[in-house]
Ligand code: CUA
């Protein structure tokens, strides 16, 4: 490019070509690290859409990003060109004086208006396209934000679960959002969202997944207290027949204990403090929900508000040291309440509740 030849010597102090290469390499490394960070399984990729809502949102994102990038390159390019090409030099004559340019002024009023109008139309079309289809039978789910875990009720199926939402592929799922405490926000990035969960206000949203898959990570997207970051859940998309099997199993009362250790665990649950907050269908019935319903606890992937994998070691640690794992949650630490063998029995019993 000819205007570069007018530049000052590039080897002046502070602008060594080697310095520029080092800065460039560092920036490249930083951006590569940032992009690589998005690929971990724990982090949902909002552009890896698994349902029609997320796909429409991702399409709008790409459209606006492409338009914004073209505008950025054109404006910045013109700016840089002008700065370098028309900079003052020792022997420069006085620049030509302009009183204005009507054609240019009309052009730079109309062109941005057209660009913004395109973005407006695309955004409104996407918003209208996100309305819940009224001609399709919806599966109804009530998602209740507690501090800090999610309860999922299937009112038409008499199922209550926690931290894990099962939905059938290809079906519209209407999610009624409730909170009995503060404002949360329900979001499954790969399927769509996000919608505020407001106490005293009946919000709702809908989701649909294209094909069986998951688990997809869902999360609370509104600051709701000290453990807001630890208020996750999983969404598992089943085929129609797998979903029916899951429903049939979830509708059963808890499996009765089949051997001595499990019987001891069941007794500890029923006679200890657990029944004050947790319900196991067929064992006890709570008037007010405080902690997750544990009827099919052993079938869940995550526990403790979506922060721990459901393994024996994690459950044991959770029961013994809940306030260390998740400080401020309603679950007390029972490490000094139960003996080691009692803890083992309780863990074995809860994990047997498939
Ligand atoms: Cu609930 Cu943040």
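Coordinate-derived values only; no laboratory data. From a predicted model like this one, the values you see are computed outputs, not experimental measurements. With ideal geometry, Cβ positions are generated from the backbone for all residues, glycine too; neighbour counts draw on all protein chains shown.
Data for the structure
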read-out	value
Normalised contact order of the chain, rounded percent, pairs of Cα under 8 Å and 6 or more residues apart	14 percent
Relative contact order of the stretch 260-351, defined on C-alpha pairs under 8 angstrom at six or more residues apart (%)	35 percent
Shape box of the stretch 81-156 [Cα atoms, principal axes, largest first, Å]	83, 34, 17
Hydrodynamic radius by Kirkwood, which averages 1/r over all alpha carbon pairs of the stretch 188-257, in angstrom	14.7 Å
Calculated on alpha-carbon atoms, Rg and Dmax of the stretch 138-250 in Å	13.2, 40
Sorted by Cβ density within 10 Å, fewest first, the residues 81, 154	81, 154
Projected label distance in nm at residue 336 and residue 116, using a 7 Å step from Cα toward the beta-carbon	6.4 nm
Computed E for residue 132/residue 71 - FRET, C-beta separation, R0 30 angstrom, nearest 0.05	0.30
Gain in span if fully extended, residue 354 to residue 299, counting 0.36 nm per residue against the direct Cα distance	19.3 nm
Largest-first principal axis extents of the Cα set of the stretch 260-351 (Å)	30, 29, 25
Neighbour-count order for 74, 60, 286, 98, fewest beta carbons within 10 angstrom listed first	98, 74, 286, 60
Residue order, fewest to most surrounding Cβ atoms within 10 angstrom, among 204, 352	204, 352
Cα-projected label distance for residue 226 with residue 273, points at 7 Å along beta-carbon direction, nm	1.6 nm
Pairs of Cα atoms farther than 25 Å apart, the chain, %	65 percent
Residue 47 paired with residue 260, simple spin-label distance in nm, labels 7 Å along Cα-to-beta-carbon	6.0 nm
